[in-house]
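Working notes, beginning with the structure itself.
Throughout, read-outs are computed from the coordinates displayed, never taken from laboratory work. These numbers come from a predicted model, not from an experiment. Backbone-built Cβ (ideal geometry, glycine too); neighbour counts: all protein chains shown.
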Amino acid sequence: MKLLILNGVNLNLTGKREQGVYGSESLESINRELEAFAAAHGHTAVCKQTNLEGEICTLIHEAEGKYDGIVLNAGAFTHYSYAIRDAIASVAVPVVEVHMSNVHAREEFRRKSVLTEVCRGEVLGFGKNSYKLAMESFWL
Ligand code: DQA
């Protein structure tokens, strides 16, 4: 399987920002681990990050026919981006929503995701392992 691991706004600062919430490991380091995790199971992971909402939509459009699935941490876009929601609904490639933190144990605005309804499933609260559990959902 070929999976796209797609991170959205502010996730490039993982390891630097709010370390008590997101840990001290950089996104680059997490991504290398996710690529190795996929390879160890006979699969391929391609990791991308952008702070731009429209670019996430474009990457989702372009994933059609190229990837078997998308593991998406849209960051704060999760809570209000109808554009990303519609992009997910517009393609056949399945998307699993991911959050490193337990968004339900945080601020009220984080409890609402406008994406979950159009995703295959959701994994949250397990730090970088949220990505791994979401990846496993494609091959288990
Ligand atoms: C996040 C949770 C979001 O609420 C937040 O805006 C993020 C990261 C997470 O991985 O826990 O940027 O998606």
TODO: Only helical DSSP H runs with n ≥ 4 go in: add -39500 (n - 2.57) per run for the chain, normalise by residue count and round the 222 nm mean residue ellipticity to 500 deg cm²/dmol.
DONE: -10000 deg cm²/dmol
- [ ] Might you report the magnitude of the Cβ-based charge dipole of the range 20-70 about its Cα centre, with Lys and Arg at +1 and Asp and Glu at -1, to the nearest 20 debye?
- [x] 100 debye
- [ ] Grab the beta carbon distance between Trp139 and Glu108, set R0 = 25 Å, and tell me the FRET efficiency rounded to 0.05.
- [x] 0.10
- [ ] Identify the GluC sites (Glu not before Pro) of the range 1-81 meeting these criteria: DSSP loop state and at most 13 other C-beta atoms within 10 Å of the C-beta.
- [x] Glu18, Glu64
Task: Order of Leu6, Leu13 - criterion: other Cβ atoms within 10 Å of each residue's Cβ, fewest first - done: Leu13, Leu6
Task: Neighbourhood charge, 9 Å Cβ-Cβ cut-off, centred on Ile5 and excluding it, Lys, Arg +1 and Asp, Glu -1 - done: 0
- [ ] Give me the distance in nm between label points sitting 7 Å out from Cα along the Cα-to-Cβ direction at Glu55 and Ala92, one decimal.
- [x] 2.9 nm
Task: Cα-only Debye scattering, the chain: base-10 log of I(q)/I(0) at q = 0.10, 0.17, 0.20 Å⁻¹ - done: -0.28, -0.87, -1.25
Open item on the list: Checking the cross-link filter: which aspartates and glutamates have an alpha carbon closer than 17 Å to that of Lys128, excluding same-chain neighbours under 8 positions apart?
Closed with: Glu18, Glu25, Glu28, Glu33, Glu35, Glu97, Glu136
